[in-house]
Amino acid sequence: MTPPVIERWLAFIESGHSDELDEMLAEDAVFYSPAVFTPQRGRVKTAAYLRAADKLFSGNNFRYVGKWFGTNSAVLEFTAELDGLTVEGIDMIWWNDEDKIVSVKVMIRPLKALQALVPKMGELLLSS
């Protein structure tokens, strides 16, 4: 059974309605990027990275292909296309007892896909 917080996450991904994102995130949420060493702390920074990723992957055949759930955590495996490359990755999501997301960690492979993704994410973050 899909936890309610992940149902909301999946609805956000499918709809692209990023205005719902702030409500899903805890004030002290942390985003762990596959390309940036330093964790991005706080709702505002976390939301900025997640919105940029949503823009980057929308229309690029993004889809979740596997889902695993734990207590207050989930691992969502995804695939997408970017500049002719197949991008594979996982979103590791943790939430608190109030069903607010407290942490999102993204891992991406292969290296060539990550190298194609980094400058595009940078452009999106600078333009937001």
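The values are calculated or read from the model by the stated rules, or taken from the named source; none is laboratory data. Predicted, not measured: the structure shown is a model, and the values here were computed from it. Cβ: placed from backbone, ideal geometry, glycine included. Neighbour counts: every protein chain shown. When the accessible area is computed, the model is the full protein with side chains, heavy atoms only, and any ligands, DNA or RNA have been set aside. Shrake-Rupley method; radii C 1.70, N 1.55, O 1.52, S 1.80 Å.
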Would you please give the FRET efficiency between Trp68 and Leu126, computed as 1/(1 + (r/R0)^6) with r the Cβ-Cβ distance and R0 = 35 Å, to the nearest 0.05?
0.55
Please find, in a Gaussian network model of the chain (springs between Cα atoms separated by less than 10 Å), the residue of Gly89, Gly66, Gly42 whose mean-square fluctuation is greatest.
Gly66
With a 1.4 Å probe and all protein chains left in place, how much accessible area per residue does the chain have, in Å²?
56 Å²
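Below 8 Å between Cα atoms, with a sequence gap of 6+, how large is the relative contact order for the chain in percent? Present the calculation step by step, with values, prior to reporting the outcome.
Values: 211 pairs, mean separation 30.8, N = 128.
This gives 24 percent for the chain.
Could you compute how fast the chain diffuses translationally, taking Rh as the Kirkwood radius over C-alpha pairs and applying Stokes-Einstein at 25 °C with viscosity 0.890 mPa s? Give it in µm² per second. Write down the numbers at each step before the final one.
Numbers: Rh = 14.7 Å.
Value of D from the Cα-based Kirkwood radius: 167 µm²/s.
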Give me the percent of accessible area attributable to carbon and sulfur for the chain, probe 1.4 angstrom.
54 percent
For Lys67, net neighbour charge (Lys/Arg +1, Asp/Glu -1) across residues whose Cβ lies under 13 Å away
-2
Grab the other residues whose beta carbon is less than 12 angstrom from that of Glu23, score K and R as +1, D and E as -1, and report the net.
-3
For region 62-128, compute Rh as the Kirkwood radius over C-alpha pairs and then the Stokes-Einstein diffusion coefficient at 4 °C and 1.567 mPa s; write the answer in µm²/s, rounded to an integer.
98 µm²/s
